[in-house]
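Participant: Please read through the structure below; I'll follow up with questions.
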Amino acid sequence: MSILLFIATVVTTMIAGALQQGVDPIDAPLKIIKGIPFALALMTILLSHELGHYITSKRHHINVTLPYFIPAPSLIGTFGAFIKMKSPLLNKRALLDIGASGPLVGTIVSIPFVVIGLFLSEIRMATETGGAELGSSILFSVLARLTLGNIPEGYDILIHPVAFAGWIGLLVTSFNLMPVGQLDGGHVAYAILGEKHRRVSLIVILFLFFLGSFGWKGWLFWGFLLTIMGLSHPRPLDQWTPLDRKRKVVAFITLIVFVLTFTPVPFRFV
């Protein structure tokens, strides 16, 4: 099943990439190959994220499935991917390693796609026509500045599909690193804070509702969704083995990555 879902998601992301290039897949089905750069970049990023979880789980002798990809008729052709753990987590060290590995690997893989895609992007004079503008995280802004330099006033970046895939990879990282429930960031937060993790989850949810009320309305959806998914986290079998210094450093790095990849307003329609 996982292989079939992977193939289906390759097709849907390829179609999404072709649509970004102005291809009508119904009138010109053979031209969907123009979506290959976007599909290749996005699938590589998502796969690396899930393989980070998968390989780390196997190192800790956790029984997990292969990644399940979710094809979807959406702007990017997928609703992401996940792996399913079939055995309980042993201790907080395993919990932190598994939670942090996916987002960190995904971020590392996303960065070169952002840089390559920005080199392939065009800088054009801004127009008054309607459309969607992508928000920018701290990390994406730094990469854009290093790659393209200062953008003159009155000009915009017409982002290449490969850079868009990298941007999505950074956005997915920030979503997953929210210290809520059983998200990747929730795993890390529980490993560090234990039962106090639920209090942090609640604060983050309230912050999302605040952002959604006064900023990007999409945060309201994420706030409701994460509330439905639950703020609690199951206990690992061993509650007493402490985290070592190396893992505390990794936890701090994941916090920094979350701050660098968080995009307050992911999309803005003009």
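Participant: Give the residues of the range 57-74 that are of a type in the set (V, I, T) and either under 25 Å from D238 (Cα atoms) or in a loop (DSSP other than H, G, I, E, B) (or both), sorted by residue number. So that I can check it myself, show each step before the final result.
Facilitator: The initial filter retains those residues of the range 57-74 that are of a type in the set (V, I, T), namely 62, 64-65, 70.
Scanning the range 57-74 gives I62, V64, T65.
Participant: Of (1) aliphatic (A, V, I, L, M); (2) modelled with pLDDT of 90 or more; (3) farther than 17 Å from S174 by Cα, L237 satisfies all except one. Which?
Facilitator: The one condition L237 does not meet is (2).
Participant: Is it fair to say T44 is touching a Lys or Arg at 6+ places or on another chain (Cβ under 7 Å) and under 30 Å from A94 (Cβ atoms)? Lay out the reasoning, then the answer.
Facilitator: On the way: touching a Lys or Arg at 6+ places or on another chain (Cβ under 7 Å): no; under 30 Å from A94 (Cβ atoms): yes.
No.
Participant: Given the residues A39, A28, A126, which is the only one that is small (G, A, S) and touching a helix residue (DSSP H, G or I) at 6+ places or on another chain (Cβ under 7 Å)?
Facilitator: Working: A28 fails: touching a helix residue (DSSP H, G or I) at 6+ places or on another chain (Cβ under 7 Å); A126 fails: touching a helix residue (DSSP H, G or I) at 6+ places or on another chain (Cβ under 7 Å).
Exactly one residue qualifies, and that residue is A39.
Participant: Still on this structure, please answer the following. Which is part of a strand (DSSP E or B) and of a type in the set (G, A, S), of G35, G17, G80?
Facilitator: Details: G35 fails: part of a strand (DSSP E or B); G17 fails: part of a strand (DSSP E or B).
Exactly one residue qualifies, and that residue is G80.
Participant: In this structure, does V172 turn out to be touching a residue at least 40 places away in the same chain (Cβ under 8 Å), touching a strand residue (DSSP E or B) at 6+ places or on another chain (Cβ under 7 Å), in a helix (DSSP H, G or I) and buried (at least 17 other Cβ atoms within 10 Å of the Cβ)? Spell out how you get there, then give the answer.
Facilitator: Details: touching a residue at least 40 places away in the same chain (Cβ under 8 Å): yes; touching a strand residue (DSSP E or B) at 6+ places or on another chain (Cβ under 7 Å): yes; in a helix (DSSP H, G or I): yes; buried (at least 17 other Cβ atoms within 10 Å of the Cβ): yes.
Here the answer is yes, as V172 does meet what is asked.
Participant: Let me ask something additional. Select, from I32, I15, the only residue that is out of contact with any His (no Cβ under 7 Å at 6 or more places or on another chain), of a type in the set (V, I, T), more than 24 Å from P112 (Cβ to Cβ) and free of Cβ contacts under 8 Å to residues at least 40 places away in the same chain. Write out each step before concluding.
Facilitator: On the way: I15 fails: free of Cβ contacts under 8 Å to residues at least 40 places away in the same chain.
The unique qualifying residue is I32.
Participant: More than 19 Å from I76 (Cβ to Cβ), of a type outside the set (G, A, S) and under 20 Å from the mean Cα position of the chain (by Cα): which single residue out of L30, L46, L51 fits that description?
Facilitator: Working: L30 fails: under 20 Å from the mean Cα position of the chain (by Cα); L46 fails: more than 19 Å from I76 (Cβ to Cβ).
Step by step, each of L30, L46, L51 is checked, and only L51 is more than 19 Å from I76 (Cβ to Cβ), of a type outside the set (G, A, S) and under 20 Å from the mean Cα position of the chain (by Cα).
Participant: Scan the range 84-142 residue by residue and report those that are in contact (Cβ under 8 Å) with a residue 40 or more places away in the chain, among the polar types (S, T, N, Q) and assigned to a loop (DSSP other than H, G, I, E, B).
Facilitator: S121, S136, S137
The values are calculated or read from the model by the stated rules, or taken from the named source; none is laboratory data. These numbers come from a predicted model, not from an experiment. For neighbour counting, all protein chains shown are included, and Cβ atoms are generated from backbone atoms with ideal geometry for every residue, glycine included.
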